[in-house]
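Novice: Can you keep this structure in mind? I'll have questions shortly.
Each reported figure results from applying straightforward, stated rules to the coordinates on display, with no laboratory input. None of the values given here were measured: they were computed from a predicted structure. So basically every Cβ, Gly included, is an ideal-geometry build from the backbone, and we count neighbours across all protein chains shown.
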């Protein structure tokens with residue numbers, strides 16, 4: 001718990017608007033990716049088909065899109081950012097793995113790797129000063 005508090009203090013002391021804009025952009029990207037998956041469910045089903053042979057394909061379909069939508073909203077507003085990112089990490093690791101198990105799509109691999117790296121950065125950095133977390137913390 002002390003390490004999270006010390007990370008938050010460091011992040012709040014070194015908060016810059018461009019970093020918050022990157023967080024908001026990440027949240028909006030994940031939100032629209034979730035909406036895209038819901039509107040094109042066959043595309044999502046085709047994407048996870050290489051790992052569907054291990055079972056749980058229907059469970060993945062019902063986890064990925066809502067996690068992207070809710071996680072994207074939470075990340076964009078900076079509300080429970082670390083928890084929302086932890087929900088995204090298994091999906092993003094799966095996105096990277098799927099590119100190596102199935103047919104390689106370089107653009108999908110690039111987007112998933114970039115999103116994964118940015119999520120890891122915000123998992124460490126936190127939501128920053130211009131976020132709902134900081135606002136609610138100051139209200140206490």
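Novice: Output the qualifying pairs, or none if there are none: Cβ atoms under 7 angstrom, residues six or more apart or on different chains, first residue in region 120-140 and more than 16 Å from residue 74 (Cα to Cα), second residue surrounded by fewer than 20 Cβ atoms within 10 Å (Cβ to Cβ).
Specialist: From residues that are more than 16 Å from residue 74 (Cα to Cα), the pairs are 124/7.
Novice: Give the residues of region 66-110 that are without any contact (Cβ under 8 Å) to a residue 12 or more places away in the chain and closer than 27 Å to residue 132 by Cα, sorted by residue number.
Specialist: Residues satisfying the conditions are 83, 90.
Novice: Inspect all residues belonging to region 130-137 and state whether any of them is buried (at least 17 other Cβ atoms within 10 Å of the Cβ) and farther than 19 Å from residue 29 by Cα.
Specialist: Yes; the residues of region 130-137 include at least one that is buried (at least 17 other Cβ atoms within 10 Å of the Cβ) and farther than 19 Å from residue 29 by Cα.
Novice: Filter region 108-120 down to the residues that are surrounded by 14 or more Cβ atoms within 10 Å (Cβ to Cβ) and either over 16 Å from the mean Cα position of the chain (by Cα) or closer than 19 Å to residue 67 by Cα (or both) and list them by number. So that I can check it myself, show each step before the final result.
Specialist: Initially, region 108-120 is screened for residues surrounded by 14 or more Cβ atoms within 10 Å (Cβ to Cβ), giving 108-109, 111-113, 115-116, 118-119.
Matches in region 108-120: 108, 111, 112, 113, 115, 116, 118, 119.
Novice: If you go through region 91-107, how many residues are under 15 Å from the mean Cα position of the chain (by Cα) and either surrounded by 13 or more Cβ atoms within 10 Å (Cβ to Cβ) or not in a helix (DSSP H, G or I) (or both)? I'd like the intermediate steps shown before the answer.
Specialist: Kept after step one, since they are under 15 Å from the mean Cα position of the chain (by Cα), are these residues of region 91-107: 91-96.
Next cut, either surrounded by 13 or more Cβ atoms within 10 Å (Cβ to Cβ) or not in a helix (DSSP H, G or I) (or both) only: 91-92, 94-96.
Adding up the residues that qualify gives 5.
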